[in-house]
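Following: one structure in structure tokens, then a few remarks.
The values are calculated or read from the model by the stated rules, or taken from the named source; none is laboratory data. Bear in mind that the values here come from a model prediction, so they are computed numbers and not experimental data. A quick note on method: Cβ atoms are made from the backbone with ideal geometry, for glycine too, and the neighbour counts reach across all protein chains shown. Just so you know, the surface numbers come from the protein's heavy atoms only, side chains and all, with ligands and any DNA or RNA stripped out. Shrake-Rupley method; radii C 1.70, N 1.55, O 1.52, S 1.80 Å.
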Amino acid sequence: MSKTIKIILVDDEVLFRKGISFLLTREENIEVVFEASNGLELMEFLKSDNPKPDIIIMDLKMPLLNGIEATKIIRKDFPDIKIIALTSYDSKSFIANMVDVGAVSYLVKNTTPQELFATINEVAEKGFYYSDYVMNIIQKDIVSNKKSKCSFDTNFITSRELEVLQLICKQKSTIEIGEKLFISPRTVEGHRNNLLLKTESKNIAGLVVFAIQHELVSLGVI
């Protein structure tokens, strides 16, 4: 039996939030543990003794504390919690900003329920999920803002770690990477943990951004 994915929904549009909550609670492997109408309500919940969620589905534009600022705080104080942005805004600047502050996926509110479920499951299994559209924006944002650290020596990454990193960027799971490289899932996890340490990335999404920054993976490969 698959592990239950604990979700928090954060959105100031009550009707929309309740609709999403209703859809999610019908899924056998998803449990909505809390709903908040703004970032402050969310932070109060997280800082109490309540059980922590696996994933937070976060709106961007909210009163008191918006989704971008809340994501910054969560990434610092609760790095194991994964943030999926779910918003009306699909502008490139919003997407780039949310990825910069730590969102591991980005969905627009006209997405289908099936796409939402698929994204939640991908994030729970692999740590992030970026569509081709979002991947393109990440790369263009890095290039246009000269966030590339080309002077940084990437030779400290072994050839095997590079293979693992490139497959992570293709959004392959630990099991899929192991099968592709003929190594055990535990060995894959070891390489992934080494990559996180070596690149000083806080999560798998950070590894993807690092790979694009240092041209270790091309968009064609992704």
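What percentage of all Cα-Cα pairs in the range 75-146 are separated by more than 22 Å? Mind dumping the intermediate values first?
Details: 524 of 2556 pairs.
Summing the P(r) of the range 75-146 above 22 Å gives 21 percent of all pairs.
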With DSSP loop assignment and no more than 16 other C-beta atoms within 10 Å, the trypsin sites (Lys or Arg not before Pro) in the range 50-97 are 61
Which order do the peptides 106-119, 159-172 come out in when sorted by mean C-beta neighbours inside 10 angstrom, highest first?
159-172, 106-119
Hey, what does the equivalent ellipsoid look like for the range 14-122, semi-axes from the Cα gyration tensor as sqrt of 5 times each eigenvalue, largest first, whole Å?
19, 18, 13
What's the angle, to the nearest 10 degrees (0 to 90), between helix 14-25's Cα axis and the longest principal axis of the chain?
60 degrees
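If the only charges are +1 at each Lys and Arg Cβ and -1 at each Asp and Glu Cβ, what is the size of the charge dipole of the range 172-222 around the Cα centre, to the nearest 20 debye? Mind showing how you got there, number by number?
On the way: 6 positive and 5 negative charges, 20 e Å.
I would put it at about 100 debye.
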Have a look at 108, 85, 97 and report the one farthest towards the positive end of the charge dipole of the range 35-126, computed about the Cα centre with Cβ charges (Lys/Arg +1, Asp/Glu -1).
97
Using only the alpha-carbon atoms, how far is helix 113-126 inclined from the longest principal axis of the chain? Give it as 0 to 90 degrees, nearest 10.
50 degrees
Against the longest principal axis of the chain, how steep is helix 204-213, in degrees 0 to 90 to the nearest 10, with axes from Cα atoms?
50 degrees
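Between rounded, prolate and oblate, where does the range 7-50 land on the alpha carbon gyration tensor, with a ≥ b ≥ c its root eigenvalues, rounded for a/c under 1.5, else prolate if a/b exceeds b/c?
Details: a/c = 4.04, a/b = 1.33, b/c = 3.05.
Because a/c hits 1.5 or more and a/b fails to exceed b/c, the range 7-50 counts as oblate.
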Please list the non-local residues whose amide H lies under 5 Å from the amide H of residue 36, H modeled 1.01 Å from N, same-chain partners needing a gap of 5 or more.
9, 10, 11
How much of the accessible area of the chain, in percent, comes from carbon and sulfur atoms when a 1.4 Å probe is used?
52 percent
List 186, 26, 17, ordered by accessible area with a 1.4 Å probe, largest first
186, 26, 17
With N set to the number of residues, divide the alpha-carbon radius of gyration of the chain by 2.2 N^0.38 Å and report two decimals.
1.02
Long pairs among 76/172; 140/170; 6/180; 82/109; 61/170; 3/72, criterion Cα-Cα beyond 22 Å
76/172; 6/180; 61/170; 3/72
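Of all GluC sites (Glu not before Pro) in the range 3-86, which ones are in loop regions per DSSP and have a Cβ with at most 16 other Cβ atoms within 10 Å? Show your work: numbers first, answer last.
Values: sites: 13, 27, 28, 31, 35, 41, 44, 69; in loops: 13, 27, 28.
Here the GluC sites (Glu not before Pro) that fit, given the DSSP loop and packing criteria, are 13, 28.
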GNM on the chain, C-alpha springs below 10 Å: top fluctuator among 100, 132, 11?
132
For the chain, what's the relative contact order in percent, using C-alpha pairs closer than 8 Å and at least 6 residues apart?
15 percent
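Can you work out the accessible area per residue across the chain, with the rest of the protein chains kept in place, probe 1.4 Å, in square angstrom?
Details: 11500 Å² over 222 residues.
Using a 1.4 Å probe on heavy atoms only, each residue of the chain averages 52 Å².
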